[in-house]
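To start, the structure under review is shown below, and the notes come after it.
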Amino acid sequence: MQEVSEFRMPKSVLYGRNSLEKLGEQSKKLGKRAFIVTDTIMEKLGYVEKCIKQLNKKSITVSTYNKVDAEPTNIHVLEALSLCKEEKCDFIIGIGGGSCIDAAKAVAVLYTNGGEVEDYVQKDIEIENNPLPLIAIPTTSGTGSEVTSVAVITNKKTDVKMMMKHPSFIPKVAIIDPVLTSSLPPQITAATGIDALCHAIEAYISKVSQPLTDVLALSAIESIMKYLRIAYEDGRNMEAREAMMIASLQAGIAFSNASVTLVHGMSRPVGALFHVPHGISNAILLPTVLEFTKTSAMKRLAKIGRSLNKDLYSNSDEEVADYTLGEIKKLCFDLRIPNLKEYGIDEIEFENAISKMASDAIESGSPANNPRVPSYDEIKELYRECFNYKYKEFIKKSDY
């Protein structure tokens, strides 16, 4: 019998080409003083100016913090929070990749509840006051932060990625405009797309998955496997961009309710210590972690394979699970996902950090949701395998 599960998502999701034009209409319901959390790339692309124009049409004044980078830190959050308080803002708009939206979430909760980011990372935290209302506008198809209850912020002192999680962190409004992703370069399209794939796969195989998340996760996997290559090769293909935005949203809702597993647990320490962008570190880890997990997630991986290829219904679960892993590896190979050495990480520095990374991964709690829960030593060995991982099935022997 299915246990009672709670399913959460934003109150309002606006989706469609040029849906950014609805920002002013949505914002006027929340107040008169807006605070935008973003980065310099969004400003250079003109997206922040578009937001400001929409807000000004509704007589809303705007203040902006634009210093978020690829890995948001507690320093970014505190800087933005200080400015937001100084301007006495009524609501927050996070526009950009997941980094900008995560930072916006942290500012929203600290504004009304005080404290430090560290105060919100323990399990079962209580939030006395609702965060400032947040409108999330993603410009990548991957993080899903626009629909999740999670924010990941790096502690600059400890080099640990802190995961804040609470139902109140879910944005009030998510504006999903695929036009905003058309300028993404191929490498970011690949990294964020594989991040979304990780969200979907991990939500589907998670020990705490549920029927509603299964439907969303499986649909997201099918779309990503079909459309990510197209978006990577032709960023102006709006059919692919739209499909990837929907898949990212589906995967985000799925993992927010079903949790992530071992890939994300191992990925966060790599990003914190070696400043590897989150999507890339996930992509590097995914094939190795799935191989490790396969025997304990055979039926689920087989279901994924049969959803991708209807001709495999008569094959054994093991055969179809192998097919699934092969398709995922081929996608990563086609998207030119590097290994950690190729990314530029020094092997000696990496080896010296493995013990800390393994401890931090376990401490995150995510590996405990994996169908096969690894030991401390197994995580260390998985890191070593990922460092020099080669897609041997798809490259000539002379290349490795």
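The values are calculated or read from the model by the stated rules, or taken from the named source; none is laboratory data. Quick caveat, the model's predicted, so the values are computed rather than measured. Don't worry about glycine lacking a Cβ; one is built from the backbone with ideal geometry, like all the others, and counts go over all protein chains shown.
Listing for the model above:
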{"quantity": "Scan of segment 29-43 for residues that are of a type in the set (Asp, Glu) and touching a Cys at 6+ places or on another chain (Cβ under 9 Å), ordered by number", "calculated": "39"}
{"quantity": "Segment 168-183, residues that are modelled with pLDDT under 95 and either among the aliphatic types (A, V, I, L, M) or at positive phi (or both)", "calculated": "170"}
{"quantity": "Cβ pairs under 7 Å, 6+ apart, first in segment 271-299 and closer than 22 Å to residue 98 by Cβ, second among the polar types (S, T, N, Q) and part of a helix (DSSP H, G or I)", "calculated": "271/281; 278/267; 279/192; 281/267; 282/267; 285/267"}
{"quantity": "Near pairs, Cβ below 7 angstrom, 6+ apart or cross-chain, from segment 191-204 (over 14 Å from residue 289 (Cα atoms)) to any residue that is surrounded by fewer than 24 Cβ atoms within 10 Å (Cβ to Cβ) and among the polar types (S, T, N, Q)", "calculated": "203/209"}
{"quantity": "Subset tally (residues that are assigned to a loop (DSSP other than H, G, I, E, B) and not β-branched (Val, Ile, Thr)) for segment 118-151", "calculated": "14"}
{"quantity": "Top-ranked residue of segment 111-133 - restricted to ones that are surrounded by 19 or more Cβ atoms within 10 Å (Cβ to Cβ) and either hydrophobic (A, V, I, L, M, F, W, C) or not assigned by TED's automatic domain parsing to the domain that holds residue 30 (or both), ranked as modelled with the lowest pLDDT", "calculated": "121"}
{"quantity": "Residue check for residue 266: in the same structural domain as residue 318 (by TED's automatic domain parsing), over 18 Å from the mean Cα position of the chain (by Cα) and among the aliphatic types (A, V, I, L, M)", "calculated": "no"}
{"quantity": "Hits in segment 152-190 - residues which are in contact (Cβ under 8 Å) with a residue 60 or more places away in the chain, in a loop (DSSP other than H, G, I, E, B) and polar (S, T, N, Q)", "calculated": "183"}
{"quantity": "The lone exception for residue 221 - which of (1) over 19 Å from residue 99 (Cα atoms); (2) surrounded by fewer than 23 Cβ atoms within 10 Å (Cβ to Cβ); (3) not basic (Lys, Arg) it fails", "calculated": "(2)"}
{"quantity": "Residue list for segment 345-365, restricted to those being small (Gly, Ala, Ser) and modelled with pLDDT of 95 or more", "calculated": "353, 355, 358, 359, 361"}
{"quantity": "Qualifying positions in segment 174-214 - surrounded by fewer than 22 Cβ atoms within 10 Å (Cβ to Cβ), farther than 21 Å from residue 262 by Cα and β-branched (Val, Ile, Thr)", "calculated": "179"}
{"quantity": "Condition check for residue 318: within 30 Å of residue 165 (Cα to Cα) and among the acidic types (Asp, Glu)", "calculated": "no"}
{"quantity": "Checking residue 251 against (1) under 14 Å from the mean Cα position of the chain (by Cα); (2) hydrophobic (A, V, I, L, M, F, W, C); (3) surrounded by fewer than 18 Cβ atoms within 10 Å (Cβ to Cβ), the condition it does not meet", "calculated": "(3)"}
